[in-house]
Each structure stands twice: as structure tokens, then as C-alpha cells.
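Quick notes on the structure that follows.
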Amino acid sequence: MKLTVVGCSGTFPSPASPCSSYLVEADGYRLVVDLGNGALGALQSHVGLYDVDAVLLSHLHADHCIDLCAYWVARNYRQGGCPDPLPVYGPRDTPGRLARAYDMPEQPGMTEVFDFRTLSPGTFRLGPLTVTAVQVNHPVEAYAFRIDHDGRSLVYSGDTGECPALVELARDTDLFLCEAAFTDGKETFQAIHLNGREAGEHAAAAGAGRLVLTHIPPWTDPDRNLRDAEAAYSGPVEVAKAGAVYEI
């Protein structure tokens, strides 16, 4: 598999990166995981607008899904006609949420452009990829994903606070793409986000082969979170950067 970080800024775009979006490719199949603020523009540097095979949404906060509204425009008004409906996997009420965000009637909403499919915990196939979804610890319905292909795997935490289910999902994964939005000792809110230390602890408990910290907001110091993660996890760890590519 190839993982491309399209965007990795948490909460709102930074000068260096759009919000959360990741491109996973294997055997010619192209899966976009999340499409947050500003990500659609950056995505076009890595794949054609009409060459995506499916979209997978971890949850319905704007920094993970709102550019589906712009993608609807790009597909609906494409010169030469709208392509076949694109599969979009998301939590309950994804079609309604996106229609309301665009201020359009919920029926038909965006359903003539996107083939919406409701996520639930479990395992399913997307082309050559095996995807496992588990619900994680966030104020809204939110999922983490494990993506397996040809004996290799990556795990994406989505947004979550401390979560034993995430540790089990990431067990022995090759690459753990884990959020680290908070700073240890600064934010004390529970069941919202991880900090760098907690991301490292989750990776260590899971026996992950590599840790990549993501979803770090512009007001959070990535170097501090990196140091905190390194203190808790002995494997290789780095901070995600827009445009970074990982071969898994």
C-alpha cells in the first residue's frame, strides 16, 4: 500500500496543511480517508478528481468531511456529465449532514452524486483493501480504521480520547497514524483527543511498528508532542506533514 498525507492539520487548516485527508492506494485502487477543510485542492496534486474509487469518513466534524460539499460541485457539474455515483462511507446521517451544510434540500440532497453507505463496527472490503472500523472515544459517532492489504496494515485513529478499542485495532500494525491534538498537562478535557504522550502509549501498548502523529492543530507545538510520544514509545515516530508518502 501507499499512504499519502493530503492534509493533517487538526481543527482548522494551517499555513502548511489542509485539514485531515489521506490517500491510500493499492493495486490501482484509490481510497480517500476523510476530506476536511481545504483538502480537495491538495488532493488534486496526488490523484485526479474523477479517479477516486471511494471515500471513507471517520466522523462528521467539519475538519474531516466538509470538502465533500466542494467535491459534490466538482462531480455534479463536471464537463461531459456527472460520473457514476461515488461510494462514500460515513456515520449515520452523513447524507443529511452534508446537504444541510450546503443548504440544499435533503431529498435528493447529494445522493445522485454520492452513493452513501452507513458505517458500523466491523470488517468489509473496498477493492483490494480489507477495512475494519471500530467506534472510538469522541463526542460524536466516530470511527478508527484498520486497512489491510497483502499482509501489511495501517491504522488511522480518526479523532479520539483514550480508547482501549483503538489499541486492539492497532495491534501489530505496520504504521499507526494517530491523532495528537492536545498537549500533555495543558488540556484536561476527557474523551475528545489524545496528546503526544497518550499517542505514544497507545502505540507502545499495540506493538505498532511505526507511529506517525497527526491532527495537530496550529496552536499545538508538534515538537513537544513528538518528544512526549518518543518518551512513551520506543519505535520510530514522526510528525505527519502534508505531501508525505509512506510505502507500507
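The values are calculated or read from the model by the stated rules, or taken from the named source; none is laboratory data. Bear in mind the structure is a predicted one, so any value in this text is a computation, not a measurement. Cβ coordinates were reconstructed from backbone atoms using ideal geometry, including for glycine residues, and neighbour counts include every protein chain displayed. What goes into the accessible areas is simple: the full protein's heavy atoms, side chains included, and nothing from ligands, DNA or RNA. Shrake-Rupley method; radii C 1.70, N 1.55, O 1.52, S 1.80 Å.
Scanning segment 16-37 for residues that are within 14 Å of the chain's Cα centre (by Cα) and outside any strand (DSSP E or B) returns PRO18, SER20, ASP34, LEU35, GLY36, ASN37.
THR130 passes every criterion in (1) open to solvent by 10 Å² or more (accessible area, probe 1.4 Å); (2) out of contact with any Ser or Thr (no Cβ under 9 Å at 6 or more places or on another chain); (3) closer than 28 Å to ALA180 by Cβ apart from (2).
What are the residues in segment 41-73 that are outside any loop (DSSP other than H, G, I, E, B) and among the acidic types (Asp, Glu), if any? Show your work before the answer.
Filtering segment 41-73 down to residues outside any loop (DSSP other than H, G, I, E, B) leaves 41-43, 54-56, 62-65, 67-73.
Of everything in segment 41-73, those that are outside any loop (DSSP other than H, G, I, E, B) and among the acidic types (Asp, Glu) turn out to be ASP63, ASP67.
Here ALA181, ALA229 are screened, and the one residue that is hydrophobic (A, V, I, L, M, F, W, C), over 30 Å from SER120 (Cβ atoms), open to solvent by less than 20 Å² (accessible area, probe 1.4 Å) and modelled with pLDDT of 95 or more is ALA229. The residue of segment 232-242 that is surrounded by the fewest Cβ atoms within 10 Å (Cβ to Cβ), among those that are over 12 Å from ALA203 (Cα atoms) and not basic (Lys, Arg), is GLU238.
Are any residues in segment 105-138 of a type in the set (Val, Ile, Thr) and out of contact with any Cys (no Cβ under 7 Å at 6 or more places or on another chain), and if so, which ones? Break it down into steps so the answer makes sense when it comes.
Step one: filter segment 105-138 for residues of a type in the set (Val, Ile, Thr), giving 111, 113, 118, 123, 130-132, 134, 136.
Passing the criteria: THR111, THR118, THR123, THR130, VAL131, THR132, VAL134.
Taken residue by residue, segment 59-74 has no member that is among the small types (Gly, Ala, Ser) and farther than 20 Å from SER21 by Cβ.
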